[in-house]
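Read through the structure below, which is laid out as C-alpha cells, and then see the notes.
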Amino acid sequence: MASHGSSFQKTFLGAAGTSDDRIDIEQYFSTDVWVGDGSSDVDIVNNIDLTGQGGAVWWASRTTSAAKYAMNTVTGASKRQSLHTNDSEGTENNFTFNSNGYRNNSAQGNTTTYVGWTFRNQDKFFKVFEYTGNGSNRTIAHNLGSTPGCIMIHDRDNNEGWTVYHRGMNRTDGSASDAEIYQKLHTATSPTDDATVFQDTAPTSTVFSLGTNDRINKNSVTYVAYVFGHTDSEDLENELISCGSYNGSGSIQDITIGGGWEPQWIMTKDNDGGDFYMFDDVRGMSSGFNDHPSNTNSNSAEYSFGGNGAMGPDQGKGILLEASNSVNRSGRKFWYIAIRVPMMGLPPTDPDTVFKGTTRQSADPCFPSPDFRVDAGFQLINNDCRYYNRKIGSRTPYYIKTYDEDEFSSFSDGALDQMFGVGGSDSAETSITHCMFKNQAGFMNFITYRGESGTRSIKHGLNAVPKIMFIKNHQASNSKDWIVYHKDAVDGSNNNQPLYLNENNAQVNADYFNGAHPTDSVFSLSDEGLVNQNNEKYFNWMFTSCAGVCDIGTYNGTGGTQNLDFGFANGTAFFLTKRVDSTGNWFLFHEGSSTGIVSGNDEKAKLNTGNISSGEDLVDPLSSGITLTNAGGNDVNNSGGKFVYLAIAAGS
C-alpha cells in the first residue's frame, strides 16, 4: 500500500495566517498571444469580465511592424488610442469587449502573431476613466482606493499623445523628480520638467493634480486616464502591482520587487532616454536566455534580446538583470511597473487543468493542452528525454537532458509562447510525446535563482510543503548533476540523502539542503556547488501532494502483484518511480505514450538513460492508482526494495 497525503495549507506564497478572501491577479490581468489566419474571429477567452467591471486591453503585432493600440471600456470598443504615436483617438470597427475577455478581429493578419494585455478595473490595481479639461489648476478623483504609482493620460481630441507620471521618475542629475516632470509613452526621450502638467504635486490616495497645460487639461477637451496602483510591502498578501525604480549597474544584479515577489509582466523605462520595454512571462522573460519584449514608442515588431537576454525572475522575490543591456545601463536610473505572477489560487481539483500527456497532432499547437497554459514538461523522442520550462525559454525554447550533466540546448518542438499547448512543426518527427504541466499553487511550482556564497534559504511559491524537488544548474559553461529531494528518500530527520535524476544510484549521503527539510515557504541550501555555487544559475522544480490530483510517497516492492492506492478516481496519467535503497532506474509511465498505461506491455522511459522502450508488462491500470505486476525482474517492484514515486491522476 502506498503512503501518501495532501499537505496544502491555505496561505499566500507561504505567508502564514492568510485567508481565502485574498484577491487573485488572474481575475484582473492576463497576457494572451494568438496567430491570425486572415479570416476567423479572434476571441480571446481569459475569463476577465470587461463588460461588467470595465478595464482596458493593449495589443500589438509580435512579428511585423504594425500599429500598437490601447482600447478601454470607457471610450468604448469603437475608439482606440495609438500607443506609439501622438495621434488623437482613432476609430475601431472590429473589437468587442466581453464578460470573459474580448474579440479582436483587427488582429487577424494571416500567420501574423499578436500579443494582448488585459487590465481589469480593480481597487489598488488599475482604473481607467475619462474627464474633460477646464484649463485651470485642479484635482481629479481617481477612485483607485490607494495612491497611484503611475498615471498615463491620452488626449482624445488632439495630437498630444501620452503624458506619463511615475512615482520613480527622476533625472539622473537629481534636478527634478516624479510630479515635477513627465514623460511621453510614445517617445524614447528623457523627462520634461514642467510645473503646468502635474503642478509639481504628487498624487494622493484620492486625487491627482493637473495644471493648465494643454497636454492634460485644455478647456473642453476630453482625456482618458489609465491609473496604475502601487501596493506597499506591509500588505504583502494583497500586493498585486508595484511601481518602483532601480539603478542600472552594467553588471548582473538582483532587484527585489515590492515586498518580494516575481512579476509576470513588467514595463521598464530608462529615465534619461530609451524605449518603454514591456516584458511578460508568456513570450519570454528568462534570465540567461533570449527575451522578447515589445515597446510602446515605435511600431516595430517585438525585440529579441539574445545572448543572456535582459531580465528574468529571481528567487521568488524579484528579477535578475543581466549585464550591460538596454534595461541595465551603468549610471542610469530606471522606473518600472510590475504585475505579480498568478500564484494565489487554491490547489487544483481536476487533473485535466494542470497535467496533460499527448503525442503529436495535426493541429496548432501540435501538442495541445486544451485546459491550461503549459509552464513545464518532458519531451520524449527517439531515446531522448528532455526537460523544459517557461523560465528557461519561451518563444526561443531550450531543453536540458534528464540523463546527463549537460547544460541547455535549443530545440524547435517546444515553443511555449502560446496559450494552450506546446508548439512544433507539423512535418517534424511524429513519434514525439510530451508530458505537460501547469504552475499551480498546491500542486507544482518552479523558481530560478542565482547561487551565493554560504548557506541560505530561498522563498518558493508552492503554498505548501514540497514533497519532491528537482534542482539543476543550467549555466551554459558548467555541467552539473540533477539533484533530487524526495520526502521519503531520507531517514527520519536526516535530510542529507538526495538522489540524482541522471544516475541510477541509491540515495547518497551528501549535504545539499543544509540538513533541513523544505517548509511551506522556503527551501534550504548548503554552499555545495551542485545547488548553490556563487553566481551560477539554477532552477528548482517542485511538487506537493494534492488530494485526488497528485500523490507523492513511497512503497515497498513485493515481487508479486500489488495495488498502489493514490486516492485517484480515474486512474493514473503519470507515474515516476525510483528504487532508493539500491541502484535502480528512474522509470516513467504516462498517458500519451505509444501505449499509455494499459493492461499489457507498457512503454516506459528511463529518465536517467534516455532510453524509451516497450515489451514488458510492468504496470497495469487501477482506478484509484496503479497496479504493479509480478513480471520477472520487475524493476519497479523488486522484492524488499524501497521505492519513491510521483503520481498524477488521469482526468475524466
Matching residues, segment 516-531, being open to solvent by 10 Å² or more (accessible area, probe 1.4 Å) and hydrophobic (A, V, I, L, M, F, W, C): Ala516, Val522, Leu530
Residues (open to solvent by less than 50 Å² (accessible area, probe 1.4 Å) and either outside any strand (DSSP E or B) or within 23 Å of Lys124 (Cβ to Cβ) (or both)) located in segment 146-157: Ser146, Pro148, Gly149, Cys150, Ile151, Met152, Ile153, His154, Arg156
Name every residue in segment 429-471 that is of a type in the set (Val, Ile, Thr) and surrounded by fewer than 21 Cβ atoms within 10 Å (Cβ to Cβ), in order of residue number. Thr430, Thr455, Ile458, Val465
I need the strands (runs of 3 or more DSSP E) fully contained in segment 39-107, keeping only those with at least 1 residues that are at positive phi and open to solvent by less than 10 Å² (accessible area, probe 1.4 Å). 55-61, 101-104
Can you name every residue in segment 286-301 that is assigned to a loop (DSSP other than H, G, I, E, B) and free of Cβ contacts under 8 Å to residues at least 60 places away in the same chain? Pro293
Tally time: how many residues in segment 610-623 are closer than 28 Å to Met444 by Cα and in contact with a Ser or Thr (Cβ under 9 Å, 6 or more places away or on another chain)? 7
Out of Tyr223, Tyr165, Tyr182, I need the residue that is touching a residue at least 12 places away in the same chain (Cβ under 8 Å), touching a Ser or Thr at 6+ places or on another chain (Cβ under 6 Å) and either closer than 27 Å to Gly274 by Cα or assigned to a helix (DSSP H, G or I) (or both). Which one? Tyr182
Please determine whether any residue of segment 536-558 is of a type in the set (Lys, Arg), touching a Phe, Trp or Tyr at 6+ places or on another chain (Cβ under 7 Å) and modelled with pLDDT under 95. no
Which pairs turn up if I take residues in segment 382-408 that are over 21 Å from Ser304 (Cα atoms) and acidic (Asp, Glu) and look for partners that are crowded, with 21+ Cβ neighbours inside 10 Å and modelled with pLDDT under 75 with beta carbon separation below 9 Å, at least 6 apart in sequence or on another chain? none
May I ask you to say which residue of Asn121, Asn98 is without any contact (Cβ under 8 Å) to a residue 60 or more places away in the chain and not hydrophobic (A, V, I, L, M, F, W, C)? Asn98
Whichever residue in segment 188-214 is under 22 Å from Phe126 (Cβ atoms) and in contact (Cβ under 8 Å) with a residue 60 or more places away in the chain and, among such residues, is surrounded by the most Cβ atoms within 10 Å (Cβ to Cβ): Leu210
Name the one entry in Ala506, Ala510, Ala516 that is in a loop (DSSP other than H, G, I, E, B), touching a strand residue (DSSP E or B) at 6+ places or on another chain (Cβ under 6 Å) and among the aliphatic types (A, V, I, L, M). Ala516
If you go through segment 289-301 one residue at a time, do you hit one that is among the aliphatic types (A, V, I, L, M) and open to solvent by less than 10 Å² (accessible area, probe 1.4 Å)? no
Residues that are modelled with pLDDT under 90 and open to solvent by 30 Å² or more (accessible area, probe 1.4 Å), drawn from segment 332-354: Pro342, Leu346
Meets criteria (assigned to a loop (DSSP other than H, G, I, E, B), open to solvent by 30 Å² or more (accessible area, probe 1.4 Å) and closer than 23 Å to His486 by Cα) for Ser639: yes
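Pick from segment 355-366 the residues that are within 26 Å of Ser613 (Cβ to Cβ) and modelled with pLDDT under 75: which of them is most open to solvent (accessible area, probe 1.4 Å)? First the steps, then the outcome.
To start, the set of residues in segment 355-366 that are within 26 Å of Ser613 (Cβ to Cβ) comprises 355-361, 366.
Next, from what is left, pick out any that are modelled with pLDDT under 75: 361, 366.
Details: Gln361: 80, Cys366: 3 Å².
Checking each candidate, the answer is Gln361.
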With the condition kept exactly as written, say whether any residue in segment 260-269 is within 14 Å of Trp335 (Cα to Cα) and of a type in the set (Lys, Arg). yes
Go through segment 368-387 and give me each residue that's closer than 25 Å to Glu603 by Cα, open to solvent by less than 10 Å² (accessible area, probe 1.4 Å) and at pLDDT below 85. Ser369
Out of all the residues in segment 209-218, is one or more in a strand (DSSP E or B) and more than 24 Å from Asp270 (Cβ to Cβ)? yes
Out of Ile552, Ile597, sole residue that is closer than 23 Å to Met469 by Cα and β-branched (Val, Ile, Thr): Ile552
Looking only at segment 302-318, count every residue that is at pLDDT 85 or above and not in a loop (DSSP other than H, G, I, E, B) and tell me the total. 2
Considering each residue of segment 259-274, count those that are in contact (Cβ under 8 Å) with a residue 40 or more places away in the chain and open to solvent by 30 Å² or more (accessible area, probe 1.4 Å), and give that number. 1
Of the residues that sit in segment 614-636 and are surrounded by fewer than 16 Cβ atoms within 10 Å (Cβ to Cβ) and in a strand (DSSP E or B), which one is modelled with the lowest pLDDT? Gly615
For segment 185-208, name all the residues that are at pLDDT 95 or above and part of a strand (DSSP E or B). Val207, Phe208
Just the residues that are under 25 Å from Lys537 (Cα atoms), of a type outside the set (A, V, I, L, M, F, W, C) and assigned to a loop (DSSP other than H, G, I, E, B), please, taken from segment 332-358. Pro342
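Tally time: how many residues in segment 230-252 are of a type in the set (S, T, N, Q), under 30 Å from Asn534 (Cα atoms) and modelled with pLDDT under 90?
Qualifying residue count, segment 230-252: 1.
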When you go through Arg283, Arg329 one by one, which is the residue that is touching a residue at least 40 places away in the same chain (Cβ under 8 Å), basic (Lys, Arg), closer than 24 Å to Thr63 by Cα and assigned to a loop (DSSP other than H, G, I, E, B)? Arg283
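The values are calculated or read from the model by the stated rules, or taken from the named source; none is laboratory data. The structure displayed is predicted, hence computed values, not measured ones. Cβ atoms come from the backbone with ideal geometry, glycine included; neighbour counts cover every protein chain shown. Ligands, DNA and RNA are excluded from the accessible area calculation, which covers all protein heavy atoms including side chains. Shrake-Rupley method; radii C 1.70, N 1.55, O 1.52, S 1.80 Å.
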